[in-house]
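Notes follow once the structure below has been shown.
Quick note: the coordinates plus some simple rules give every number you see, no bench work behind them. Please read all numbers here as calculations on a predicted model, not as lab measurements. Here Cβ is always computed from backbone atoms with ideal geometry, including for glycine, and neighbour counts include all displayed protein chains.
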Amino acid sequence: MSGTFARVFQGRPHWLNGIMVFCAYMAFVYVPWDFFFKPVAEDEEVWFGILLHGWAAKLTEPLHWAIYAAGSYGLYKMRSWMWPWASLYVLQIAIGMFVWSLLDERAWGWPLGLVAALPFVALSVALWRARPLFSGSPAAA
C-alpha cells in the first residue's frame, strides 16, 4: 500500500485498524442500508442483549448509526475521548451476547453465550489497555 490510502492506516495497531474499518463499514454501508431499505417488519436491533423488532428497532437504529460514525471518526483521528468509551461499549456488547443467549429462543444457551462473549471481553480489555494510543494523533500511536 502506498500514498494517501496507506496513511489512513498508519500509526495504530492492526487490530485497531480492523475496528476502524468495521465501524466505517457499519456507519457508511450497513446501517444506512438497514435504516433506509430494510422493511420495518424485518428490522431488528439488539441493545444490552434485548432484541427489538419492527418500529422499536427502526427508531433506535440512529443511535447505532451515531455510535459507529463516532467510532470511525474517533479511531481515524485517535481521539482521546475514545478511551474509555470504546472499551465500555465493547464490554456492553459482551454482556449483551450473554444476556441474549439467556433471553432469545434462537440462542444456544448460556454456555455458548459465554463463549460468544469472551472475544468481546478480550477486545474490551485490549481497548482499555490501549489508553496511551488515544492521544489525538494516529502518528503518535
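A few notes on this one:
- Helix-derived mean residue ellipticity, 222 nm - over the chain, DSSP H n ≥ 4, -39500 (n - 2.57), to 500: -21000 deg cm²/dmol
- For the chain: rounded, prolate or oblate by the Cα gyration tensor [a/c cutoff 1.5]: oblate
- Acute angle (nearest 10 degrees) that the helix 14-25 long axis makes with the longest principal axis of the chain, alpha-carbon atoms: 60 degrees
- Rounded tilt (10° steps) of 54-77 against the dominant C-alpha axis of the chain: 10 degrees
- Relative counts (whole %) of C-alpha pair distances in the range 1-52, using bins that are 5 Å wide: 4, 16, 16, 19, 16, 10, 9, 8, 3
- Dipole magnitude for the chain: about 800 debye, using +1 per Lys or Arg Cβ and -1 per Asp or Glu Cβ, origin at the Cα centre.
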